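Asks: Starting off with a structure, shown below.
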Amino acid sequence: MPDGLALYTPAQLAAVFATLGFAALVKGTTGLGFSTTALPLLVLAVGLEQALALVLLPSLTSNVLVMRSAGHFRETLVRFWPMFAATVPGVVLGLWILGGTDTAYLVMILGLVLVAYALHGLTGARVALPEKTARRLQPASGFCTGLINGMTGSQIMPLLPFLLSQHLTPDRLVQAMNISFTLSSLIMVVGLSHLGHLTPASLAVSGAGLLIVLAGTMLGARVRRRLSPQAFRVAVLALLLVLGAGLVAQAL
């Protein structure tokens, strides 16, 4: 067994690899964010700091692949550059908070974010913002998303509802989200390395999980052709709602 893998117990490795496979299956089937699905289960298995490190490499890989296939990269970058630029200081501040805060509080914040995300998805809530208002809110959306990402690893809120308010085409929505995800992940790599959480052990485990992620994504594509993606999405959102509430209860 590689040295990195030996630092985790067999039960932890089984939980990590099963989680990565499940998150990839969910992303392949429904398009839901990989890290959003994986994080709560990884937190329960290995704790917040290790969960943040383990999810980075598989998430970053899947994000880059999606960006290549979505198209509209330059157009999206030009349209939302204030939001992307504001993400950077948000992530940095979030990482600074992560380095000096009791993780129990951050786990509770992650749980609350998951609950908010699940309720948003289950209720189908939508807000239509005028274009001028949306442009003004771009920096706030980027900064808040980066802040939450740096503290908890979650990259989805408030980014998703903000982008949904823009009535983007599916490809442009996916591209905007994944540019934000990728930028945040790259900053997280540097920040978690500085904090000592991104270790050779975590890189070895997440690297070993890439094949499982690929297989899970491919299986998800097959499931999508046989199962209603909407029904599966609702089931996963309900699971995230329960897991988020569980993390809040655990932190309390």
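Asks: Out of the range 186-209, which residues are part of a helix (DSSP H, G or I) and either among the acidic types (Asp, Glu) or within 11 Å of Gly99 (Cα to Cα) (or both)?
Replies: Gly191, Leu192, His194, Leu195
Asks: Is there a residue in the range 162-177 that is closer than 20 Å to Leu41 by Cβ and surrounded by 17 or more Cβ atoms within 10 Å (Cβ to Cβ)?
Replies: No, the conditions are met nowhere in the range 162-177.
Asks: Taking the range 66-91, which residues are among the β-branched types (Val, Ile, Thr) and out of contact with any helix residue (DSSP H, G or I) (no Cβ under 7 Å at 6 or more places or on another chain)?
Replies: Val78
Asks: Tell me which helices (runs of 4 or more DSSP H) are completely within the range 45-140 and hold 1 or more residues being in contact with a His (Cβ under 6 Å, 6 or more places away or on another chain) and closer than 29 Å to Gly28 by Cβ, or say none if there are none.
Replies: Because the criterion is at least 1 residues that are in contact with a His (Cβ under 6 Å, 6 or more places away or on another chain) and closer than 29 Å to Gly28 by Cβ, the helices (runs of 4 or more DSSP H) in the range 45-140 that meet it are 48-70.
Asks: Test Met218 against the stated conditions and say whether it is touching a residue at least 60 places away in the same chain (Cβ under 8 Å) and either part of a helix (DSSP H, G or I) or under 16 Å from the mean Cα position of the chain (by Cα) (or both).
Replies: It is true that Met218 is touching a residue at least 60 places away in the same chain (Cβ under 8 Å) and either part of a helix (DSSP H, G or I) or under 16 Å from the mean Cα position of the chain (by Cα) (or both).
The rows are residues; the columns are (1) touching a residue at least 24 places away in the same chain (Cβ under 8 Å); (2) farther than 12 Å from Ile212 by Cβ; (3) surrounded by fewer than 22 Cβ atoms within 10 Å (Cβ to Cβ); (4) under 14 Å from the mean Cα position of the chain (by Cα).
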{"site": "Val16", "(1), (2), (3), (4)": "yes, no, no, no"}
{"site": "Leu20", "(1), (2), (3), (4)": "yes, no, no, yes"}
{"site": "Ala51", "(1), (2), (3), (4)": "yes, yes, no, yes"}
{"site": "Leu60", "(1), (2), (3), (4)": "yes, yes, yes, yes"}
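Asks: Can you work out which of the residues in the range 62-115 that are of a type in the set (A, V, I, L, M) and without any contact (Cβ under 8 Å) to a residue 60 or more places away in the chain is farthest from Thr152 (Cα to Cα)?
Replies: Result: Val78.
Asks: Separate question: Which of the residues that make up the range 93-128 are farther than 22 Å from Gln250 by Cα, at pLDDT below 90 and either surrounded by fewer than 16 Cβ atoms within 10 Å (Cβ to Cβ) or basic (Lys, Arg) (or both)?
Replies: If the condition is that a residue be farther than 22 Å from Gln250 by Cα, at pLDDT below 90 and either surrounded by fewer than 16 Cβ atoms within 10 Å (Cβ to Cβ) or basic (Lys, Arg) (or both), then Leu122, Thr123, Gly124, Ala125, Arg126, Val127, Ala128 are the ones that fit.
Asks: Regarding Ala201, is this residue buried (at least 17 other Cβ atoms within 10 Å of the Cβ), of a type outside the set (Asp, Glu), under 16 Å from the mean Cα position of the chain (by Cα) and on the phi < 0 side of the Ramachandran plot?
Replies: no
Asks: When you look at Leu240, is it part of a helix (DSSP H, G or I) and either at pLDDT 85 or above or in contact with an Asp or Glu (Cβ under 7 Å, 6 or more places away or on another chain) (or both), yes or no?
Replies: Taking the combined requirement at face value, the residue does not satisfy it.
Asks: Hey, can you tell me all the residues within the range 132-161 that are charged (D, E, K, R) and either closer than 15 Å to Trp81 by Cβ or crowded, with 20+ Cβ neighbours inside 10 Å (or both)?
Replies: Matches in the range 132-161: Arg135, Arg136.
Asks: Restricting to the range 134-151, name every residue that is small (Gly, Ala, Ser) and within 15 Å of the chain's Cα centre (by Cα).
Replies: Hits for the range 134-151 are Gly142, Gly146, Gly150.
Asks: Starting from the range 190-214, take each residue that is in contact (Cβ under 8 Å) with a residue 12 or more places away in the chain and list its partners that are crowded, with 16+ Cβ neighbours inside 10 Å and charged (D, E, K, R), counting only C-beta distances under 7 angstrom and pairs at least six apart or across chains.
Replies: Partner pairs satisfying both residue conditions: His197/Glu49.
Asks: Would you point out the residue of the range 152-182, among those that are within 12 Å of the chain's Cα centre (by Cα) and in a helix (DSSP H, G or I), that is farthest from Leu65 (Cα to Cα)?
Replies: In this case the residue turns out to be Thr152.
The values are calculated or read from the model by the stated rules, or taken from the named source; none is laboratory data. Everything quoted here is computed from the prediction, not taken from an experiment. Methodologically, a virtual Cβ is constructed for each residue, glycine included, from the backbone with ideal geometry; neighbour enumeration extends over all protein chains shown.
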